[in-house]
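Scroll down for the structure; my scribbles are underneath it.
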Amino acid sequence: MTIAGQETIPFNRTYMSENELGYLAQALRQGSTCGDGPFTRRAGRLLAKLTGAEHVLLTTSCTHALEMSAFLLDLRPGDEVIMPSFTFVSTANAYALRGAVPVFVDCRPDTLNVDERLIEAAITDRTQAVVIVHYAGVACEMETITEICDRYGLALVEDNAHGLGGSYRGRPLGSFGRMAAQSFHSTKNVQCGEGGALLVNDADLVTRAEIIREKGTDRSRFFRGQVDKYRWVDIGSSYLPSDVLAAQLTSQLESFDGIQALRHAVWHAYHERLADWAAENGVSQPVLPEGCAHPAHLYYLLLPDLRNRQAFVAHLAERGVQATFHYQPLHTAPAGTRYGRTAPGGCPVTEQVADRLVRLPLFAGLDEAGVTRVAEAVLTYEVR
Ligand SMILES: Cc1ncc(COP(=O)(O)O)c(C=O)c1O
């Protein structure tokens, strides 16, 4: 669609990093494109450096990394896993697949992260784990959450789909949980179309994690010469990505600093240029608690209500700006009510936020002219 000869500014456009085409060609010429090749190892090392994780297993998606975490927690039917309702379906689905019950907790009205003050009331004698999401890469209140998990002996898993490069009091996101799941989906800061990683911060889980990722076999150990044949040794599935995807990911990770600089420039431009308009119109901008460094994963605004949100998205579309919204609350979703339960007190903040949130276009390569067009489209909207 074009508006007066101008291309619509898409919500997202993938960034092509410097060595991407070269590495893809190299991977295709390797003679083997299956997983755990040279690029898989290279991408794993780069990720380990970025996140501080000791063990990194590339996966076919963040969804699959979360599924692996559910296997590794040995969840049994009826076990409970506490998580926010305001998140993507995969956060819950991964555990429901193992027969566990997602227990949905409301989010904080400022960061939209799980409200740490509500976690304790959701714990029962069936609770096994707490899964957190650092929404927009802004850290959850980790001091309180780790203290609760330690006190009750609960496993902590970070769904760090948004948080690569973010930190809490100087410590990288993805390094707090027993495990953390990363996403390299095409909409993420660093991407390979579809991809992910499981960061394993507990050395005792690594061998089994490799087995689960390799169809329940000890093939990884076989390839390292640690066993003389590989066999079916556990349950598992096929979560190892091709080395071609890892080649693309390697190039993206090598360009991380450049990608981040471009994204931060867009994020800050929105934040500054829209501040007065937001204040005058009762619109909320993202809140960054002290000690949280975010990775400019997304830029959102909270309109006063659903009617304004819908009118705002239409207003932007008429001006050639593609804005989107998410997430539909999990606790009221058809599968959420079937497989999960809602913690005491319900999730009223989640329900409100889901109606009010709008995401603006944000990608590395959105230039100054594009940012100005988005900002101008926003500034001509009057809340009614
Ligand atoms: C919080 C969260 N978790 C998990 C996922 C799933 O990621 P993937 O598409 O890599 O499976 C997403 C996707 O956007 C997400 O936002």
TODO: Would you pull out the residues with amide H under 5 Å of T127's amide H, same chain only if 5 or more places away, H placed 1.01 Å from N?
DONE: E80
Open item on the list: Output wanted: per-residue J couplings in Hz (rounded whole) for the stretch 242-252, from phi through Karplus 6.51 cos²θ - 1.76 cosθ + 1.60, θ = phi - 60°, x for Gly and Pro.
Closed with: 5, 5, 5, 5, 5, 5, 4, 5, 4, 5, 4
Open item on the list: Residues of the stretch 257-301 with the amide nitrogen closer than 18 Å to a label point 7 Å from the Cα of A369, along Cα-to-Cβ, please.
Closed with: 266
TODO: Show that you can apply the helix-only estimate: for the chain, add -39,500 (n - 2.57) for every DSSP H stretch of four or more residues, divide by all residues, and state [θ] at 222 nm to the nearest 500.
DONE: -11500 deg cm²/dmol
Task: Rg and Dmax of the stretch 20-254, Cα atoms only, in Å - done: 17.5, 56
Task: Net length gained if the chain between Q6 and H264 were fully extended (0.36 nm per residue, minus Cα distance) - done: 90.4 nm
Open item on the list: Based on the alpha-carbon set only, what is the convex hull volume of the stretch 256-379 divided per residue, in Å³?
Closed with: 147
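When the Cα atoms of the stretch 204-282 are enclosed in a convex hull and the volume is divided per residue, what value in Å³ results?
190
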Task: Partner aspartates and glutamates for K229 [C-alpha distance under 18 Å; skip if fewer than 8 residues away on the same chain] - done: D36, E210, E214, D218
TODO: Measure off 7 Å from each Cα along the Cα-to-Cβ vector at E280 and T337, then give the distance between these two points in nanometres to one decimal.
DONE: 4.3
- [ ] Quick one: what are the phi-derived ³J(HN,Hα) couplings along the stretch 104-115, Karplus 6.51/-1.76/1.60 with θ = phi - 60°, whole Hz, x for glycine and proline?
- [x] 8, 10, 6, 9, 6, x, 8, 8, 6, 7, 3, 7
TODO: Tell me which residues come under 5 Å, amide H to amide H, from T342 once H is placed; ignore anything under 5 positions away on its chain.
DONE: F104
Open item on the list: Using the Karplus curve 6.51 cos²θ - 1.76 cosθ + 1.60 with θ = phi - 60°, what ³J(HN,Hα) values do you get for each residue of the stretch 204-214, in whole Hz, with x for Gly and Pro?
Closed with: 5, 8, 5, 4, 5, 4, 5, 5, 4, 6, 10
Open item on the list: From Cα pairs below 8 angstrom and at least 6 apart in sequence, can you work out the relative contact order of the stretch 256-379, rounded to a whole percent?
Closed with: 37
Task: Rg followed by Dmax, in Å, when the stretch 176-245 is reduced to its Cα trace - done: 13.6, 41
Task: Sequence-distant lysines (8 or more away, or on other chains) whose Cα lies within less than 24 Å of K188 - done: K49
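Each reported figure results from applying straightforward, stated rules to the coordinates on display, with no laboratory input. Quantities reported herein were computed from a predicted structural model and do not represent experimental measurements. Reconstructed Cβ throughout: ideal geometry from the backbone, glycine too, with neighbour counts over all protein chains shown.
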